[in-house]
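The values are calculated or read from the model by the stated rules, or taken from the named source; none is laboratory data. Quick caveat: nothing in here was measured; it's all calculated off a predicted structure. Note that we place each Cβ from the backbone using ideal geometry, even for glycine, and neighbour counts take in every protein chain shown.
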Amino acid sequence: MIKSMTGFGRAQSTVDGMTITVELKSVNHRYFEFSARVPRNYGFLEEKLKSFVNATVARGKTECYVSIENPENDEVEVTVNTALARGYAAAIRSLSDLVGTNEQPTASQLSRFPDVLTVHKAEPDEERVWNAVQQTAQLALEQFLAMRQTEGEKLRADILSHADRIAQLVAFVESRSPQTVREYNEKLHRRMAELLGDANVDEQRLLTEAAIFADKVAVDEETVRLHSHLSQLHDFLGADEPIGRKLDFLVQEINRESNTIGSKAQDVEIAKAVINIKAEVEKIREQVQNIE
């Protein structure tokens with residue numbers, strides 16, 4: 001099943017005491033590009049999330065947002081700068097001796113001096129946090145992939161409709177091409193008859209001219225290749241692997257063959273058909289840009 005490169009998924013769950021929210025969204029991009037926004041102190045999640053998503057997403061500019069509410073990990077660590085505390089205490093005693101108060105500094109007094117106490121959050125348990133985030137990310141990823149598949153099915157149906165139209169136009173070119181040779185031959189006969197009047201028309205010369213014209217406007221090889229490309233297109237659209245780049249190349253080949261037919265066309269109806277083929281090819285090209 002083909003996938004679109006456009007997708008969105010969101011999940012929230014409480015795992016191991018943590019309330020985690022994960023959002024995934026992606027848009028078209030030639031390659032896989034990933035960026036993540038995670039809470040401060042959880043930067044280690046970025047690479048893990050990238051590898052996790054990249055395991056199932058091959059192309060697209062993907063953004064991931066993670067929110068973690070972790071009451072159990074809101075504990076803080078308070079450290080004492082003992083050297084600074086001793087320095088303050090010695091300074092207070094010295095000042096007390098100087099003024100004759102014989103005052104001794106208390107712990108409460110020392111704790112109020114700058115930088116004596118330092119408060120910071122405890123470092124998170126990386127393995128515990130990742131296990132919890134991964135479970136939520138899996139739920140978001142499932143929604144994300146489901147949306148990409150749904151969009152991919154719509155793209156597939158649209159591309160096939162344009163491909164069917166191209167097949168119809170190619171069939172018209174195949175049926176019309178021999179007729180243009182006959183019309184040219186008849187036209188040549190009329191002109192020769194008008195020029196020569198009652199004189200005999202050189203049938204061999206006419207056959208030679210008609211053969212040269214037929215060879216010049218022959219598009220059998222191009223139409224055969226177009227049918228082959230359209231068959232490949234159907235096969236690709238039924239694949240379970242990323243086929244965006246293959247389709248992009250195939251569309252270029254279809255366009256190349258239609259250009260060749262257009263350059264050979266000596267008939268207004270065939271020229272119109274080629275224009276319509278190229279219009280359908282362009283519509284397919286636009287949709288292919290959305291496929292993973």
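A few notes on this one:
- Exactly one residue among 81, 54 is loosely packed, with under 15 Cβ neighbours inside 10 Å and among the polar types (S, T, N, Q), and that residue is 54.
- First in the stretch 243-254 and in the same structural domain as residue 156 (by TED's automatic domain parsing) and surrounded by fewer than 21 Cβ atoms within 10 Å (Cβ to Cβ), second anywhere and among the β-branched types (Val, Ile, Thr) and assigned to a helix (DSSP H, G or I), Cβ under 7 Å, 6 or more apart: 248/288
- Selection status of residue 248, touching a strand residue (DSSP E or B) at 6+ places or on another chain (Cβ under 9 Å) and either at pLDDT 90 or above or assigned to a helix (DSSP H, G or I) (or both): yes
- Summed over the stretch 110-159, residues that are over 23 Å from the mean Cα position of the chain (by Cα) and among the small types (Gly, Ala, Ser) total 3.
- Residue in the stretch 105-157 that is nearest to residue 290 (Cα to Cα), counting only those that are outside any helix (DSSP H, G or I) and of a type in the set (S, T, N, Q): 118
- Some residue of the stretch 110-130 being within 30 Å of residue 5 (Cβ to Cβ) and in contact with a Phe, Trp or Tyr (Cβ under 9 Å, 6 or more places away or on another chain): yes
- Given (1) over 9 Å from the mean Cα position of the chain (by Cα); (2) buried (at least 20 other Cβ atoms within 10 Å of the Cβ); (3) in a strand (DSSP E or B), number of the condition residue 26 does not satisfy: (1)
- Scan of the stretch 100-156 for residues that are among the aromatic types (Phe, Trp, Tyr) and either touching a residue at least 40 places away in the same chain (Cβ under 8 Å) or surrounded by fewer than 17 Cβ atoms within 10 Å (Cβ to Cβ) (or both), ordered by number: 130, 144
- From the list 280, 269, 292, 257, the lone residue that is surrounded by fewer than 17 Cβ atoms within 10 Å (Cβ to Cβ) and either at pLDDT below 90 or not hydroxyl-bearing (Ser, Thr, Tyr) (or both) is 269.
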